[in-house]
Amino acid sequence: MEKLYRTIVRNPKKIIVFFFAMAVLCAVLSTHVGVNYDIKDYLPETTPSTIAINKMKEEYDGGIPNARVMIQDVTVEKALEYKEKLKACEGVDSVNWLDDAVDILQPMETLDPDDVETYYKDGAALFTVTIDENKLLTAVQEIREVVGDENCMTGDAVATAIATTGTVTEVQIIAIIAVIFILFVLTITTDAWIEPVIVMLGLGVAVLINSGTNLIFGEISFVTNAAGSILQLAVSLDYSVFLIHRFEECQQETADERDAMVAALCKSTSSLLSSGLTTVIGFLALVFMRFKIGPDLGLALAKGVAISLITVFVFMPNLILRLNRSLKKTHHKSLMPEFVKFGHIVCRMMIPFVLIFCIMVVPAYRGSKSNTYYYGAAYIYGRGTQYGDDTAKIEDIFGKSDTWVVMVPSGDTAKQQELSDALHEIPELKSMLSYVDTVGAQIPEEYLEPDTLAKLVSKNYSRFVLTMEADTEGEAAFELVKQVRETVNKYYPDNFYIAGSCVSSYDLMDTITADTVKVNVVAIGAVFVVLLLTMKSLTLPFILVISIESAIWINVSMPFLAGKVAFYIAYLIISSIQLGATVDYAILYTDRYMENRAEMSKKEAVVQTISSVTVSVLTSGSVLAVVGFLMGVISKHGILSELGYFLGIGSLLSLAVVFFILPGLLYLCDWLIRHTTKGISFKV
C-alpha cells in the first residue's frame, strides 16, 4: 500500500484536475438521471398486479383509472360539460361518469339510487379518470386548471404528480440547510478555520461523482433522489476529518510533507476501510429486497460510500498537501472541551445504564414487531396538504372508494354474466362497468359503437371496471382483494387478471413483508462477519451488533408506542441504513478502548476513550440526526418524512448507546474479550 500511496502523492496536479473534471462532468450528467415517484413500478415483475397491469397495457389503449375528480355544486348537464373538458386535457385517456353506467336520458328518480350516488350526490359529480403515466404532470396541471382549487382531485396519478414537483424543491432546501449545518459543526469541532472548507470540497466532489454516475441505473427512485446525496454527506464526513488529523499527527514525527501524508494514509487504511466496509455492507443488504426500491437505494448508497473512500484515499491527500500551508496558518485552539468530566460521569453511571438497557431490549424488540403499517401510497399526503384535504372532502360525500379492473377471456358472454352476478353479490361493490352490464349479454359486439366496445372488450379479453366501497389499503381492503380474486377464480381458474391501487398495495404488502427477515439477517450477518475478521474477536462483534440493533429496535418501536401507523417502506429501509451508518460509532469507540486498555485499567480506559472519541462521534452523529430531522420536518411526502424522523431519532439513539451503554458492556465483558480476542494484551 505504501508504494501506491507514494505514487498518489507524486501526481497531485493530474489527480486534482481529474477529480474536479469528473465532478463537473457528473454534475451535468446528474441532470439527466430520471426519478420515478410511482411506488407500484418497484413491485417485482412476477407479482400478480404487475403482470395484470402489463397485460392490460398490451390489450387496451387506456390504462387503469388512477384519479378521481369531484366537481361541487353542478347540475347533470353542467357535469357533462366538465366531462368533455376533462377528456380534452392532454394526457387524459378516458373519463367515466354516470352516463357510462346508466341511461341519463331517463328521469333520475327511475334510476337505481346506488348507481346514481356512485357518481352524483348532493350536487357533486365524481369522475373516474385514467391518466397516461407518461404525461402525469401535464395532465394533472391541466385538470387542476379546469376544475380550480375549490374542487378536488385524488388518486395515485395525482399523488405521483405532486411528489414529482414538490420533492425536488424539498430536497434542495434540505441540502442547503444540511450543508450550512455541516460547515457550522466542522467549524467548532476542527482545529483550523480552513479545514471545514477542505472537508466540504472533498465531500462535494464525491457527492457530485456519485450523483452523475447514477446515470448507469437509467433512473432512480424518489427515496434515493431525496436521501442518497444527503446520507452520503452524513456518513462520509468522518473519513476526511480522520485523515487530516492523522496527517497532522504524522507531521510532528516526519519533516517531509509527502512522507507524512504517506504515513497518515498507511495508518488510516485499516480504520477507514473497516468503517467504510461495514457501512457499504449495511447498505448493500437492501439489494436482497424483492421490492426494487431497496436495491435502488442500496446500490446508490453503497456506490456513494465507495466513491467517498476513493476520494479520501486519492483526491484528498493531494488537496490537503496543496492547502497545508493554509491549514497551518489558520490553526486555532480547539473550541470543544476535552470531555474528561463527561468520561467520569459515564464511568460512574455505566453499570446502571447497562441494567436499564438489558431490561429494555426485549420490550423494544417486541414493540418493533408490533407496528401497524401503510404499504402503498394512499396515505403519503395527510391532512393539511391539498391532496390530503381533497381526499377527505371526496370521502365525506362519496365515501372511501377504489377502482379495480378485472380482465377475463372474451367470447363467452354467458359465463361473463355469471361472473357479473357473483361480483354484484359482494356488498362492497358500488358499481360495475362491463360488456354484459352496460350492453347486455344478448347483444352482439358488432352492433356496438367502436369507441364503446374498445373500452370494454379487446381482441382477447373482456374488461370489468369495479368501483369498490373500500379503502385503498388496510386489513378489510386486503380481505376484499382475496375475496374478489377467489370469486373470479371460480369462473376463470388461473386465467384472469386484476389490477388497481388496493390490489397493488396488497401485493406490495405480500412482497415487502417477506423481505424483512432476509434483509435484516443479511445486514446483521455480513456486518458481524466483517467485524469478526477485522477485530479478530468472537465477543466484540456480538457486543457491537447487539448494541446498534437494540437502538434500531427502540427506534422502530416508536410508532407502536405512539399509537401511530407507520409506512412499512420507511420501517424496512431504516433498519439497514441505521445499522450501516451508525455502527461506525461503535467501531471507533471500541478500537480506541482496545488501544487504551493495553496501557490502562478498565475504568481509566473508559474515561480516556470517552474523552478522545466524543468530538468525532458527536460530529458525525449530530449531522446525521439533523439531516434526518430536516427531511422529517420539510418533506410533505409521508414516506420520506417518516424515513427522516426514523433517521434523526435513530442517530440519537445510536449515539446514546455508544456513549452510555457500550462502555459498560465492554467493561463488564472485559475478561471475556481478553480471552476471545486474538493478539491483544490488556493491562491487568
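The values are calculated or read from the model by the stated rules, or taken from the named source; none is laboratory data. Just so you know, these numbers come straight off a predicted model, no measurement behind them. We place every Cβ from the backbone using ideal geometry, glycine too, and count neighbours over all the protein chains shown. These accessible areas exclude ligands, DNA and RNA; they are computed on the full protein's heavy atoms, side chains included. Shrake-Rupley method; radii C 1.70, N 1.55, O 1.52, S 1.80 Å.
Data overview
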{"quantity": "Burial order of peptide ranges 501-509, 69-77 (average beta-carbon count within 10 Å, highest first)", "calculated": "501-509, 69-77"}
{"quantity": "Relative contact order, percent, the chain [alpha-carbon distance under 8 Å, six or more residues apart]", "calculated": "19 percent"}
{"quantity": "Helix axis angle, 156-189 relative to the chain longest principal axis, alpha carbon, degrees", "calculated": "10 degrees"}
{"quantity": "Equivalent-ellipsoid semi-axes of the chain, from the Cα gyration tensor, Å, largest first", "calculated": "58, 27, 21"}
{"quantity": "Contour excess over end-to-end distance, with Cα ends at Lys603 and Asn11 and 0.36 nm allotted per residue", "calculated": "208.5 nm"}
{"quantity": "Quarter of the Cα convex hull surface for segment 143-239, i.e. its orientation-mean projected area (nm²)", "calculated": "8.7 nm²"}
{"quantity": "Label point at Thr330 placed 7 Å out along Cα→Cβ; residues across segment 213-250 whose backbone nitrogen lies under 19 Å", "calculated": "237-249"}
{"quantity": "Residue-averaged 222 nm ellipticity for the chain, from DSSP H runs of 4+ at -39500 (n - 2.57), nearest 500", "calculated": "-22000 deg cm²/dmol"}
{"quantity": "Over 22 Å between alpha carbons, listed pairs Lys303/Lys328; Lys430/Lys482; Lys57/Lys135; Lys13/Lys303; Lys341/Lys602", "calculated": "Lys303/Lys328; Lys13/Lys303"}
{"quantity": "Protection-proxy order for peptides 637-643, 356-362, 243-249, 542-548, each taking the mean of Cβ atoms within 10 Å per residue, highest first", "calculated": "637-643, 542-548, 243-249, 356-362"}
{"quantity": "Under Karplus coefficients 6.51, -1.76 and 1.60, residue-wise ³J(HN,Hα) of segment 514-526 in Hz, glycine/proline x", "calculated": "6, 7, 4, 4, 4, 5, 5, 5, 4, 4, 5, x, 5"}
{"quantity": "Nonlocal amide H pairs with Ser401, under 5 Å, H built at 1.01 Å", "calculated": "Ala470"}
{"quantity": "Pairwise centroid distance, computed over Cα atoms, of segment 207-271 with segment 478-494, Å", "calculated": "54 Å"}
{"quantity": "Probe 1.4 Å - accessible area at Phe528, Å² to nearest ten", "calculated": "60 Å²"}
{"quantity": "On Cα atoms only, tilt of 12-30 relative to the major axis of the chain in degrees", "calculated": "20 degrees"}
{"quantity": "Percent of alpha-carbon pairs separated by more than 15 Å within segment 1-103", "calculated": "80 percent"}
{"quantity": "Residue-wise HN-Hα coupling along segment 402-409, computed from phi with Karplus coefficients 6.51, -1.76, 1.60 (Hz; x: Gly, Pro)", "calculated": "9, 9, 10, 10, 10, 10, 10, x"}
{"quantity": "Modelled FRET efficiency - R0 22 Å, Lys121 with Asp389, Cβ distances, 0.05 increments", "calculated": "0.70"}
{"quantity": "For Phe567, distant residues with modelled amide H under 5 Å away", "calculated": "Tyr374"}
{"quantity": "Value in Å of the Kirkwood radius, where segment 272-398 supplies the Cα pairs that are averaged", "calculated": "21.3 Å"}
{"quantity": "Rounded to 10°, Cα long-axis angle of helix 540-556 versus longest principal axis of the chain", "calculated": "40 degrees"}
{"quantity": "DSSP-defined beta bridges in the chain - what % are antiparallel, rounded to 5", "calculated": "85 percent"}
{"quantity": "Ranked by how many other beta carbons lie within 10 Å on average, peptides 187-195, 297-305, 10-18 from highest", "calculated": "297-305, 187-195, 10-18"}
